[in-house]
Each structure stands twice: as structure tokens, then as C-alpha cells.
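Below is one structure, written out as C-alpha cells, with a few remarks after it.
The values are calculated or read from the model by the stated rules, or taken from the named source; none is laboratory data. Everything numeric here is computed off the predicted structure, so don't read it as measured data. Note: ideal-geometry Cβ built from the backbone for every residue, glycine included; neighbour counts use all protein chains shown.
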């Protein structure tokens, strides 16, 4: 499975299914933790307060921008602050909503996710489709995880072919990272809306509301970042566009450096599917092998990253709000040690360095990475 458009077998299965000893014990312990404190798997008051805090920062920064009372440098700083607050809303609130664990109501979850994602211009329906139905199903598996689909610019899996220019990808990757937000808004979303196959999803057909949601989301984004500033501020049009681009670059880099190493790092595995459609590990061990936690017990990291720093917990329990991920990660660590299951853990700076070492290794022909991945090769 090394073609640029790798196609997975029609039916994939994990080596031992997902009812294994490690996962059974882990799930029982997590359920006991939730039951012992009368806790719900849905978000709690701490998540609501965090959402209100980020919303207040975004609203205040945007309101100060539209007041027109500040110089260019201050307004640019406010634009970046607004973009970062909007990103934190999407990561910390919209993400839970996409997994239907913010509220019990699916409609309310989608409404909140829409509002959070529209501030970034990312279509909420398409994001949930590829994140929940593709990435979470077979993470890091070629042809089955849309997040590692072979692309022109970066080689993100040892199971992808190496293009000549990608030998320098560890050098030019930061330039690519600056454009993640703009690419998502104006290139990736329209592309995904029109495609009929998205990794493991075949013959994709969108409901009518998806097209209306797409148009409304983009209209809100353009109105917020360009329309209102152009109409209300005494600035040249190119000042507004430059401000929008800089804020977008800042949000893009924050998103990338907080999250990309959670799957694309030296510590993570990229299992190849066998000829019979079998993934080498069982479901739970696969989730552990393909995820990298960073500072999973830090409350500050948890607050900023929306629990994405506890990435093993997120993949093993995507139907539980990230409000519980620190506690769940402690349970995962203890249970993994008992069953001899590797648990990849690092810090944010080390994860970023590991990601760039990973990019450099992927820039070599027939590259394989170390750690768990080597044991699966």
C-alpha cells in the first residue's frame, strides 16, 4: 500500500477486534470512575466557563478592533488575539460538540459547533464528517484516515511514496503550516464538498442542509474578518487584508504546533493493512500506538488544547467530554503498564521537535520511524 492514492481493502478489521483484555479492563475502570462521582460523560461547568472565557476574549478583541480607536500595531495584536480565542473556542468547545458530548441534544451540539467553527471559516459539517467518520475510525492507516492522505507538499506516512521535492519538507513545512487556515477555508472544504470518496468513505452524498451550512459558514467568516472591518474602519483595504492574513497565519501555526505531533511524530505508528484487510493490532492497542500525549496531566495544557494533549484518551473514549481526560489518562497509564501496552507521552517542546525529526525521516526513501512503529514494520 504505497501508491499516492492508496486504496484500502473494502472491509478492514482489527487483528483481535475491540473486545480485548486491555480495553475491557480499561473501559470498566473508566466507567467506574464516572459512576463513583456521579459524573456524566457530557461536558461539565468547567467546560462552559472555559467557553465563556474564550468567547469573552474574542468578543472583546473584535469589539476593540471595530472601535477604531487604536493604532495599526495594536489593532494587529487584537486581530491575532481574536483569532487565537476563536481557535480555542473551536478546539475546546466545538470539538466536544462535534463528538456529541457537549450537550445531550444533537441539534444543540451542531449549533454550537457551527458558531465556533464559522469564526474560523471551517465548515462544521465537513470537519465532523472527516474527523469522526474517517480519522477516528482507522487513525494513521493509509487510505482509511483522511488526515494522512497522500498530498503534494508533505509526506506524512512511511507508507506514502516520496516525491523528489519532499526531501526538503522539514525545511519548508513551516511555510505550509502558515496557510492551514486559509487552505481549509478556501481550498479543502470546497474540495471535500464535491468529492464522492473521502478516504474510507465511499460514494459520499451530502444532505441538502450541508450545502446551505457551507454557504452560511463561509459568508459569516468573510463578513467577520473582511466585510465589517472594511465597512466600519478608517483603514485602507489592504491594511484590513494584511491584518486578516497575519491573524490567520498566527491561528494556523498555533493549531499545527498544538496538535500535529499527536499523530505525526517519531513515537507514533503507521500500521500497514495486510492483504486480507487486517490491521496488525487490536482496536485499543492501535489507538495507543498511533497517538502521542503531551503534558497530559497539565491543567494549563488541558485548558489550552481542549484535551487534545490527552490524545490516547480522546481516541479511546471519543464519546466522553475532555473534561474528564486528565483523570482518564491516569487510568490509561496505570492499565497500560499492567498489560504491557506502550503509552506514548512527552512534552509540547519535545513533541514539536519529534514532529520535525519525523518530517526529516519521512524525507528519506523507504523511511521507517522508531519506537512503536518499528515493531509494526
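Values as computed for the structure displayed
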item: Test set (1) within 30 Å of residue 173 (Cα to Cα); (2) surrounded by fewer than 21 Cβ atoms within 10 Å (Cβ to Cβ); (3) touching a residue at least 40 places away in the same chain (Cβ under 8 Å) - residue 251 fails condition number; result: (2)
item: Helices (runs of 4 or more DSSP H) contained in the stretch 12-116 and holding at least 3 residues loosely packed, with under 13 Cβ neighbours inside 10 Å; result: 21-36, 45-67, 72-89
item: The listed residue being out of contact with any helix residue (DSSP H, G or I) (no Cβ under 9 Å at 6 or more places or on another chain), under 15 Å from residue 91 (Cα atoms) and in a helix (DSSP H, G or I), out of 300, 258; result: 300
item: Residue within the stretch 299-307 that is over 21 Å from residue 29 (Cβ atoms), surrounded by fewer than 23 Cβ atoms within 10 Å (Cβ to Cβ) and free of Cβ contacts under 8 Å to residues at least 40 places away in the same chain present; result: yes
item: Residue in the stretch 358-375 that is touching a strand residue (DSSP E or B) at 6+ places or on another chain (Cβ under 7 Å), modelled with pLDDT of 95 or more and part of a helix (DSSP H, G or I) present; result: no
item: Residue satisfying all of: in the stretch 128-144; more than 12 Å from the chain's Cα centre (by Cα) and part of a loop (DSSP other than H, G, I, E, B); surrounded by the fewest Cβ atoms within 10 Å (Cβ to Cβ) among these; result: 137
item: Residue ID - modelled with the lowest pLDDT, chosen from residues in the stretch 266-294 that are in contact with a strand residue (DSSP E or B) (Cβ under 8 Å, 6 or more places away or on another chain), more than 11 Å from residue 139 (Cα to Cα) and not in a strand (DSSP E or B); result: 277
item: Selection status of residue 78, at pLDDT 95 or above and within 15 Å of the chain's Cα centre (by Cα); result: no
item: Within the stretch 166-228, helices (runs of 4 or more DSSP H) holding 3 or more residues that are out of contact with any strand residue (DSSP E or B) (no Cβ under 7 Å at 6 or more places or on another chain) and surrounded by fewer than 16 Cβ atoms within 10 Å (Cβ to Cβ); result: 169-177, 189-194, 208-222
item: In the stretch 307-321, the residues that are in a loop (DSSP other than H, G, I, E, B) and under 12 Å from residue 101 (Cβ atoms); result: 307, 317, 318, 319, 320, 321
item: Test: residue in the stretch 245-256 that is touching a strand residue (DSSP E or B) at 6+ places or on another chain (Cβ under 8 Å) and within 18 Å of residue 353 (Cβ to Cβ); result: no
